[in-house]
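A.B. asks: Questions regarding the structure given below will be posed in turn.
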Number of protein chains: 2
Amino acid sequence: MSLPHAILTALMEKPSSGLELTRRFDRSIGYFWSATHQQIYRELGRLESEGHIRALPSDRPARGQKRSYEVLPAGRAELARWTAASQDPKPYRDALLLRLRAAAVVGGTGIEADLRRHLDLHRAQLAEYRAIEERDFPPDRVTPQDRVRHLVLRAGIDLETFWTEWLDHALTEFADLDGTGTAD
Amino acid sequence: MSLPHAILTALMEKPSSGLELTRRFDRSIGYFWSATHQQIYRELGRLESEGHIRALPSDRPARGQKRSYEVLPAGRAELARWTAASQDPKPYRDALLLRLRAAAVVGGTGIEADLRRHLDLHRAQLAEYRAIEERDFPPDRVTPQDRVRHLVLRAGIDLETFWTEWLDHALTEFADLDGTGTAD
DNA sequence: CGGCTTTATGCAACTAGTTGCAAAACATCG
DNA sequence: CGATGTTTTGCAACTAGTTGCATAAAGCCG
């Protein structure tokens with residue numbers, strides 16, 4: 001149950017409309033908590049009806065008309081509560097690893113192209129994170145907030161680094177196997 | 001849509017009942033595709049009705065009575081099809097990173113205990129993976145199947161290594177911050 | 001102006017995973 | 001034998017995320 005808190009966080013950083021939030025999720029928060037615009041609008045409605053956020057006053061509120069929201073004290077309190085509360089890590093799921101295990105059993109042909117594709121995607125993501133690091137985290141200007149944000153970005157960078165390295169390794173392993181024969 | 005394929009993979013490796021599958025998921029496949037027994041039973045029913053698996057003949061089939069399943073040719077074909085088909089990586093979600101980002105905004109107190117708890121869990125998981133590696137993957141006996149499985153295990157080990165290192169780093173960072181003052 | 005595209009909001013149906021609970025068979029122990 | 005506990009199977013309701021589509025306003029272009 002984290003989407004409302006992701007939205008609260010984003011709105012604390014800057015009051016926004018649904019579409020603006022969607023774009024910001026695509027660029028930033030979505031790196032570790034993605035959401036579609038449909039989810040976001042639905043959740044904004046809920047958060048408003050619960051009194052956690054409110055729409056900024058606008059002359060002509062209507063469908064197709066921009067509606068910006070800001071966080072109310074109750075919302076901030078809820079976010080602080082959630083942040084401090086202990087949470088169990090939720091079970092890990094990774095379809096690619098599962099497919100590889102399945103490939104080991106049915107004789108894996110055709111999975112290599114997809115490994116390569118994933119490698120490209122992870123490389124691109126890694127490059128993007130590195131660019132953000134260079135742009136937003138110069139060695140000076142290290143407020144506590146910056147340091148925490150940098151820490152989060154570091155996790156993203158290290159994760160993508162891991163995946164690129166692992167996929168690279170997996171591909172050489174497969175190339176090797178195809179020489180010997182993969183069928184079982 | 002991967003649970004049926006996880007189950008097919010497990011049943012290819014060895015025909016099993018629902019409860020046996022549940023236990024095997026807890027120990028092995030569940031490391032990257034977890035499932036509860038309720039999910040597994042539901043899915044076994046579906047797979048059977050689709051003709052992908054069948055119950056092994058038993059004298060007295062009834063509720064409370066063990067029912068083992070084996071994969072039929074159609075099931076094997078479906079698994080091979082799925083394995084070879086290209087799939088987009090699904091968006092990453094991580095509640096802990098989100099919480100940290102929220103903490104940067106509302107002033108993060110109280111999250112450290114949970115970081116420590118997560119660190120312990122990841123350390124335990126890493127130790128478990130390392131034990132499996134030593135037990136199941138001696139340097140000799142390297143069939144193609146073994147090599148692919150080892151590759152998958154390596155991913156688990158490297159991921160847990162990453163998390164333990166990152167959490168360790170995060171905790172020293174936080175200790176440092178508390179000296180300077182975290183509140184915003 | 002009239003049609004086309006973009007911006008913006010939003011509903012509804014569907015899919016997948018989680019949680020809570022229960023029932024049938026079997027084992028054990030007094 | 002009967003009470004109690006364990007194994008095994010399973011239903012039902014709920015929660016969260018995905019997909020497909022609809023609607024309204026505003027901007028652009030000929």
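A.B. asks: Of everything in the stretch B:11-39, what is within 9 Å of DNA strand C (Cβ to nearest atom) and hydrophobic (A, V, I, L, M, F, W, C)? Give them in sequence order.
C.D. replies: B:33, B:35
Quick grid of which residues meet (1) within 30 Å of residue B:133 (Cα to Cα); (2) more than 8 Å from DNA strand D (Cβ to nearest atom); (3) of a type in the set (Lys, Arg):
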site: B:11; (1), (2), (3): yes, yes, no
site: B:16; (1), (2), (3): yes, yes, no
site: B:21; (1), (2), (3): yes, no, no
site: B:31; (1), (2), (3): yes, yes, no
site: B:65; (1), (2), (3): no, no, no
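A.B. asks: When the residues of the stretch B:101-143 are narrowed to those that are open to solvent by 80 Å² or more (accessible area, probe 1.4 Å) and more than 19 Å from residue B:164 (Cα to Cα), which ends up nearest to the other protein chains (Cβ to nearest Cβ)?
C.D. replies: Applying the filter and picking the extreme gives B:109.
A.B. asks: Are any of the residues in the stretch A:34-49 free of Cβ contacts under 8 Å to residues at least 12 places away in the same chain, within 12 Å of chain B (Cβ to nearest Cβ) and open to solvent by 50 Å² or more (accessible area, probe 1.4 Å)?
C.D. replies: no
A.B. asks: Can you pull out every residue in the stretch A:81-100 that is open to solvent by less than 40 Å² (accessible area, probe 1.4 Å) and in a helix (DSSP H, G or I)?
C.D. replies: A:82, A:83, A:95, A:96, A:97, A:98, A:99, A:100
A.B. asks: Is it fair to say residue B:123 is under 25 Å from the mean Cα position of the chain (by Cα) and at pLDDT 95 or above?
C.D. replies: Against the criterion (under 25 Å from the mean Cα position of the chain (by Cα) and at pLDDT 95 or above), residue B:123 qualifies.
A.B. asks: Would you please list the contacts, defined by Cβ atoms under 7 Å and residues six or more apart or on different chains, that run from a residue in the stretch A:1-28 that is over 19 Å from residue B:107 (Cβ atoms) to a residue that is more than 16 Å from DNA strand D (Cβ to nearest atom) and open to solvent by less than 10 Å² (accessible area, probe 1.4 Å)?
C.D. replies: From residues that are over 19 Å from residue B:107 (Cβ atoms), the pairs are A:24/A:16.
The values are calculated or read from the model by the stated rules, or taken from the named source; none is laboratory data. The structure displayed is predicted, hence computed values, not measured ones. Positions of Cβ are generated from backbone atoms using ideal geometry, with glycine treated the same way; all protein chains shown enter the neighbour counts. Keep in mind that these areas ignore ligands, DNA and RNA; they rest on the heavy atoms of the full protein, side chains included. Shrake-Rupley method; radii C 1.70, N 1.55, O 1.52, S 1.80 Å.
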